[in-house]
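The values are calculated or read from the model by the stated rules, or taken from the named source; none is laboratory data. Nothing here was measured: the structure is a model prediction, and the numbers come from that model. So basically every Cβ, Gly included, is an ideal-geometry build from the backbone, and we count neighbours across all protein chains shown. These area figures cover heavy atoms from the full protein model, side chains too; ligands, DNA and RNA do not enter into them. Shrake-Rupley method; radii C 1.70, N 1.55, O 1.52, S 1.80 Å.
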Amino acid sequence: MELNLIFLLNSVLLGVGLAMDAFSVSIANALSESQMKKGRMCFIAGVYAFFQFAMPMIGWICVHTVVEYFQNFEKFIPWIALALLLWIGGKMIWEAVRGEEKSDEDKALTKLTFSTLMIQGIATSIDALSVGFTIADYGLPMAFVASLIIAGVTFAICMTGLLIGKKAGEKLGSKATLFGGMILVGIGIEIFVKGVFF
């Protein structure tokens, strides 16, 4: 396959489809951290973009090397995403329901940590491993370019989600963390249902 308009369009559409979970998680993160600075927003969107780049490439490599093992692993993807997002979302809901008025120091402690961000990055992109099958007929350079396009689209969509969440978070105040946690739990259930039943 060669670089052409159809290839570019397919890659962009693939990126849009794959980025929807990361978009929702971006909104959830910004809801609970409405004072988020631009640099931090770029970093968060960059992490999601990196994982959306890496997962299709890992999937492509698996298809071209250990197909049988990859196919066996694929059935666990929805379960992994569900567990990770239920854990993170449940934690946010628990903190919101406890309902104590938080000091600035407490708010700093409940900010999105690096490890939580990594878990979210994996949880929202793990289904992109399956894209390795979609792009299996591409050569390595084409698979790399497609993954880069997916990452670029993800970055743009996540920045949009962070901006939306930040604005909404300023309006929702203390309820923002509860809504953010509910969004994460909902995404986990949606990935699970889609992966297991469809």
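Annotation: Ile189 fulfils all but one of (1) surrounded by fewer than 17 Cβ atoms within 10 Å (Cβ to Cβ); (2) at pLDDT 90 or above; (3) of a type in the set (Val, Ile, Thr); the unmet one is (2). If you go through the stretch 134-147 and pick out every residue that is out of contact with any Pro (no Cβ under 7 Å at 6 or more places or on another chain), open to solvent by less than 40 Å² (accessible area, probe 1.4 Å) and not in a helix (DSSP H, G or I), you end up with 3.
Could you tell me whether the stretch 148-168 includes any residue that is modelled with pLDDT under 85, within 20 Å of the chain's Cα centre (by Cα), assigned to a helix (DSSP H, G or I) and buried (at least 22 other Cβ atoms within 10 Å of the Cβ)? No, the stretch 148-168 has no match at all. The residues of the stretch 101-117 that are loosely packed, with under 13 Cβ neighbours inside 10 Å and modelled with pLDDT of 55 or more, listed by number, are Thr113, Phe114, Ser115.
Name every residue in the stretch 24-52 that is hydrophobic (A, V, I, L, M, F, W, C) and either touching a Cys at 6+ places or on another chain (Cβ under 6 Å) or free of Cβ contacts under 8 Å to residues at least 40 places away in the same chain (or both), in order of residue number.
Selection gives Phe43, Ala45.
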